[in-house]
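The structure under discussion appears below in the form of structure tokens.
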Amino acid sequence: MPREITMTILFCNVGWMKKYNGIKGDSIERGGSYNKNETGHEVCNFSAIRGNVYGYVQPTGQIKIEKLGAEKEDEFISGVTVVWTAGPETGGTAVVGWYKNATVYREYQALPKQTKLQKENGLNHYRVMALASDATLLPPEERTLLIPRAVKGGIGQSNVWYADSPESKKHVARVLKFIDKGFLEELPDIDRYLSGKEGNPRLVTHLKRERNPALVKAKKKEVLKKTGKLCCEVCNFDFKKMYGEIGEGFCEVHHLKQLSKTDGVVETELKDLAVVCSNCHRIIHKQSPMLKIAQLRQTINAPNK
């Protein structure tokens, strides 16, 4: 039985950057609290400064550290895993990195002895501190773990999310497993290409759902029971007929709902899946929005295509 990972956790949403090591040579997109130099305060959230990292998030008022286990009179609490999230260009809210064993402060804290980098970026306050060795920033192409919004148990509108509702547990468990392992299940190279050079977390989620072994097995079983064969629903390609014994039982399964356009948790039924060949599947995902089965079928059957 897999071990359950437990720890005190806080989610902080900030603007999207590649390096969070100053604005020079980088940019901040989709969010961010700006100072008089029009630089987001979080621009140095992953800058190692005298062995520490100093994180900034813009909450509404105080950070309610009593929700993390502190007493109401406490000014800070330590031993917190702080998960940093931001919005990729493709939409949604993705995990961009984390601090382990962080200290979270109720109020703004003045930076101790500003460095040149902090001065250049107009920074003078922070909300979270951790050892630089306990900080992990994911490169953009690895920011594939999405946290749902606008669903029960997902992130709300606030930049600080305590994830303390019963419905949030499953989302927290996924994040903690990700942090513990340090990676998500890899997609085949062709699917990584489809998801884009900089990563498209929503499309990665869609492709992984299509590769869920239990769903694929159940869909194949259903189709074989009804038709006795596995043929592409677009072009009628039959792997067994073409390749003989080695092609028996082979096909790909496509999710008809475009999961790559939603943050919510989508329950999948077998009617939401279609049997397709590898070529048609790639073409379906090549378009945005993705093609419908009937659209692609019409395309390949057109007399003057």
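The values are calculated or read from the model by the stated rules, or taken from the named source; none is laboratory data. Note that the structure is predicted; figures quoted are calculated from it, not measured. For neighbour counting, all protein chains shown are included, and Cβ atoms are generated from backbone atoms with ideal geometry for every residue, glycine included.
I want to confirm something. Restricting to region 76-100 and keeping residues that are in contact with a helix residue (DSSP H, G or I) (Cβ under 8 Å, 6 or more places away or on another chain) and part of a loop (DSSP other than H, G, I, E, B), which single residue is nearest to SER288 (Cα to Cα)? The extreme case among them is THR90.
Scanning region 156-166 for residues that are modelled with pLDDT of 85 or more and closer than 20 Å to CYS12 by Cβ gives SER158, ASN159, VAL160, TRP161, TYR162, ALA163, ASP164, SER165.
For every residue, the table says whether it meets (1) under 14 Å from the mean Cα position of the chain (by Cα); (2) loosely packed, with under 11 Cβ neighbours inside 10 Å; (3) modelled with pLDDT of 90 or more; (4) part of a loop (DSSP other than H, G, I, E, B).
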| site | (1), (2), (3), (4) |
| --- | --- |
| ARG174 | yes, no, no, no |
| GLU185 | yes, yes, no, yes |
| ARG202 | yes, no, no, no |
| ALA214 | no, yes, no, no |
| LYS241 | no, no, yes, no |
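Taken over region 29-56, the criterion of being modelled with pLDDT of 90 or more, at negative phi and either touching a helix residue (DSSP H, G or I) at 6+ places or on another chain (Cβ under 7 Å) or not in a loop (DSSP other than H, G, I, E, B) (or both) is satisfied by GLU42, VAL43, CYS44, SER47, ALA48, ILE49, ASN52, VAL53, TYR54, GLY55, TYR56. Test GLU141 against the criterion of being surrounded by fewer than 18 Cβ atoms within 10 Å (Cβ to Cβ) and under 25 Å from LYS19 (Cα atoms), and give yes or no. Answer is yes for this residue. Looking across region 84-137 at every residue that is of a type in the set (Gly, Ala, Ser) and crowded, with 18+ Cβ neighbours inside 10 Å, the one that is nearest to LYS72 (Cα to Cα) is identified as ALA102.
For THR115, state whether it is of a type outside the set (Lys, Arg) and under 27 Å from the mean Cα position of the chain (by Cα). No, not satisfied. The residues on offer are LYS257, LYS271, and the sole one that is charged (D, E, K, R) and at pLDDT 80 or above is LYS271.
Of the residues making up region 101-108, not a single one is under 21 Å from LYS19 (Cβ atoms), within 24 Å of the chain's Cα centre (by Cα) and part of a loop (DSSP other than H, G, I, E, B).
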